[in-house]
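> Got a structure for you, questions after.
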Amino acid sequence: MADRPGRKPRKPHTAQVVRTERLTPHMQRVVLGGEALSAFSADTCTDHYVKLLFPPEGVTYPESFDMERIREEFPREQWPVTRTYTVRHWDAEHRELALDFVIHGDEGLAGPWAKRVRPGETVRFLGPGGAYAPDPTADWHLLAGDESALPAIARSLEALPDGARAFAFIEVDGEQEEQKIDSDVEVVWLHRGDRPVGQALVEAVRGLDFPEGRVHAFVHGEAACVKELRRFLRVEREIPREDLSISGYWRLGHNEDGWQASKPEWNARIEAEQEGTASAA
Ligand SMILES: Cc1cc2nc3c(=O)[nH]c(=O)nc-3n(C[C@H](O)[C@H](O)[C@H](O)COP(=O)(O)OP(=O)(O)OC[C@H]3O[C@@H](n4cnc5c(N)ncnc54)[C@H](O)[C@@H]3O)c2cc1C
């Protein structure tokens, strides 16, 4: 059963960077490993994620690393900063965990870290959490997201049984950001170009000719785009809430700390707007 980050128990894992690989111009893979990962597993969900713990600049913690002690002894601004990343691959035999980072410029913590990190560096993280895996009883599957959701969509497509009916839309910067995914499902790669993030994705999902039957959907990415898609799927298409895995993975103009802090209110507002409309419809 997944241990949900943000809730107790909050025992961090410690790992070392084993290798890095630039998958595309804006996607960097960082593979973590080490003896301590013998206590880790991530086999239940296809959207498993971990919360990396970055010490703020200039802060060091006593060994052995203990979150409870840090919370007791350090002021809040010196607690580790968390950044959330999907488990792209978990190789239990070799204890290797692959995370794929969007390189979205010089801003932020995790993106720039992934670009510069070298093998041997120690990394601490909480998790895994996770909540989704394609429902084998669904008639068809819809997977949609931007590059932040690419790792989870790819892992989900790879987990679909042969012959499963699925439509996958992934918005990326351009053709150079497309990745090979080991699946029979043909991914529709949407090239953002100069358009605002999420616009191409919303248009493509809205344009899909929905097949008959029960859909199980996984939709994640930039928060405003996800909000639009939630309205479409939940209100216009009346997909039951339990058949939708849908949330903002990041929010334009907000770092993860800001986004996560405002997310409960953001979600509550969407819920009120969209569910109000849904029940009135
Ligand atoms: C469950 C879950 C799983 C996730 N899995 C992945 C994953 O596998 N790979 C991945 O790359 N991301 C993933 N994300 C998103 C990632 O956590 C955020 O993008 C995070 O904000 C990146 O941290 P940062 O330190 O690089 O940038 P921050 O310090 O958080 O943000 C700095 C600035 O960069 C902008 N920004 C943040 N992310 C992006 C982006 N993707 N594109 C353009 N601008 C951006 C912010 O709006 C802000 O203005 C996931 C999020 C969740 C909740």
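The values are calculated or read from the model by the stated rules, or taken from the named source; none is laboratory data. Being a predicted model, the structure only gives us computed values, none of them experimental. In this analysis, Cβ positions are derived from the backbone assuming ideal geometry, glycine residues included, and neighbour counts consider all displayed protein chains. The protein model used for the area step is the full one, side chains on, heavy atoms only, and it has no ligands, DNA or RNA in it. Shrake-Rupley method; radii C 1.70, N 1.55, O 1.52, S 1.80 Å.
> Of the options Asn255, Leu142, Gly174, report the single residue whose Cα projects farthest towards the positive end of the charge dipole of the chain (beta-carbon charges: Lys, Arg +1; Asp, Glu -1).
Asn255
> Rg (Å, one decimal) plus Dmax (Å, integer) for the alpha carbons of segment 23-158?
Cα radius of gyration and Dmax of segment 23-158 are 16.3, 53 Å respectively.
> I need the shape label for the chain. Rule: rounded when a/c is under 1.5, else prolate if a/b > b/c, else oblate, with a, b, c from the alpha carbon gyration tensor.
prolate
> Also, quick follow-up: To the nearest 500 deg cm²/dmol, what mean residue ellipticity at 222 nm is calculated for the chain from DSSP H runs of n ≥ 4 alone, each contributing -39,500 (n - 2.57), summed and divided by the residues?
That calculation yields -6000 deg cm²/dmol at 222 nm.
> Relative contact order, percent, of segment 178-281 when contacts are C-alpha pairs under 8 Å separated by at least 6 residues?
Across segment 178-281, relative contact order equals 23 percent.
> Pull up the cross-link candidates among the aspartates and glutamates for Lys180, meaning alpha carbon to alpha carbon under 12 Å and not fewer than 8 places away within one chain.
Cross-link targets: Glu158.
> Another question about this same structure. Compute the length gained on full extension between Ser41 and Glu121: take 0.36 nm times their separation in residues and subtract their Cα-Cα distance, giving the result in nm to one decimal.
26.7 nm
> Compute the accessible area per residue over segment 222-263, keeping the other protein chains in place, probe 1.4 Å, unit Å².
That works out to 50 Å² per residue.
> Is segment 86-151 best put as rounded, prolate or oblate by its Cα gyration tensor, with a ≥ b ≥ c the root eigenvalues, rounded for a/c under 1.5, and otherwise prolate when a/b is larger than b/c, oblate when not?
Note, shape of segment 86-151 comes out oblate.
> Right, another one. Rg over Rh of segment 140-280, using C-alpha atoms and the Kirkwood radius, what does it come to?
That ratio is 0.96, to two decimals.
> Let me ask you something else. Which lysines have a Cα lying under 28 Å from the Cα of Lys11, excluding residues fewer than 8 positions away in the same chain?
Lys51, Lys115, Lys263
> I've got another one for you. Can you pull the percent of the chain's accessible area that's carbon plus sulfur, 1.4 Å probe, other chains left in place?
The computed percentage sits at 47.
> Only Cα pairs within less than 10 Å get springs; with that Gaussian network setup on the chain, which residue of Asp162, Asp135, Asp184 has the largest fluctuation?
Maximum among the listed residues: Asp162.
> Would you mind checking the tilt of helix 256-270 against the longest principal axis of the Cα atoms of the chain, expressed as 0 to 90 degrees and rounded to 10?
The answer is roughly 30 degrees.
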